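Some notes on the structure that comes next.
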Amino acid sequence: MNKINYPMLLLAILVILAFFSVGIGIALRNIWLVLFFLLLGFAIMGFGLTLKRKRK
């Protein structure tokens, strides 16, 4: 079996939590929370893709 890459797993979980929080922001009808968590999710995803590209 392959070794688990824990830092990338943590980043993936953080992205999922950020986009999950967008749903909570929508439920609370707070546009600022929605925008914040949406931008945060894309920023974490971009950071993870940058790290993955540097490893190759």
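What follows draws every value from the coordinates through simple rules; no lab data is involved. Keep in mind it's a predicted model, so treat the numbers as computed, not measured. FYI the Cβ positions are ideal-geometry reconstructions off the backbone, even for glycines, and counts take in every protein chain you see.
For this structure, a couple of remarks:
- Angle in degrees between helix 31-55 and the longest Cα principal axis of the chain, rounded to the nearest 10: 10
- Segment Ile4..Leu28, full-extension length gain: 5.0 nm, with 0.36 nm per residue of separation and the alpha-carbon distance subtracted.
- Folded to 0 to 90 degrees: helix 6-27 orientation relative to the chain principal axis, Cα: 10
- Sequence-separation-based contact order of the chain, relative, with Cα cut under 8 Å and 6+ spacing, percent: 38
- Sites Arg55 and Ile16 - FRET efficiency at Förster radius 22 Å, r taken between beta-carbons, to 0.05: 0.55
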